[in-house]
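Here's the structure we're looking at; comments come further down.
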Amino acid sequence: MVSYVGLDVVMKESGTLSWRPHISKRGNTYIRAGLYMAAVSSIIHNKTLKLYFNRLKDNGKPEKTGIVSLERKLQILIYTLYKNEKDFIPDYQ
């Protein structure tokens, strides 16, 4: 499901050289754009995801990497809720 949207990680290697990993962007751009806006909004409005994002920033990750990580986390959450026919509970532990 992650590769359908284009959020899967791609490693480019050739012989002894290797480049930084990045997302493939081969998937549906409209879904990826919607997940981007949802991720940015969740940083403001969802305290659990905001803590996750701030933890990534405190560990030295760039802000864009944190947002892409939130996009992927939201996509997996949406798919899991859909598959199990459950409602989202904000304070679920």
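Each value in this text was obtained by applying a stated rule to the coordinates, not by laboratory testing. Small disclaimer: the values here were computed from a predicted structure and weren't measured. All Cβ positions, even for glycine, are placed from backbone atoms using ideal geometry, and neighbour counts span all protein chains on display.
Return the pairs, sorted by first residue and then second, in which the second residue is assigned to a helix (DSSP H, G or I), the first residue lies in the range 46-58 and is more than 11 Å from Leu70 (Cα to Cα), the beta carbons are less than 7 Å apart, and the residues are 6+ apart or on different chains.
What qualifies is Lys57/Glu63; Lys57/Gly66.
Say whether the condition of being part of a strand (DSSP E or B), without any contact (Cβ under 8 Å) to a residue 24 or more places away in the chain, charged (D, E, K, R) and loosely packed, with under 10 Cβ neighbours inside 10 Å is met by at least one residue in the range 5-20. Break it down stepwise before answering.
Restricting attention to the range 5-20, the residues satisfying the condition of being part of a strand (DSSP E or B) are 9-10, 13-14, 17-18.
With the extra rule that they be without any contact (Cβ under 8 Å) to a residue 24 or more places away in the chain, the set shrinks to 9-10, 13-14, 17-18.
So of that shortlist, the ones also charged (D, E, K, R) come out as 13.
In the following step, the residues that additionally are loosely packed, with under 10 Cβ neighbours inside 10 Å were identified as 13.
Within the range 5-20, one or more residues are part of a strand (DSSP E or B), without any contact (Cβ under 8 Å) to a residue 24 or more places away in the chain, charged (D, E, K, R) and loosely packed, with under 10 Cβ neighbours inside 10 Å.
Got a sec? Which of Asn54, Asn28 is closer than 13 Å to Met1 by Cα and over 13 Å from the mean Cα position of the chain (by Cα)? Steps first, answer last, please.
Details: Asn54 fails: closer than 13 Å to Met1 by Cα.
Exactly one residue qualifies, and that residue is Asn28.
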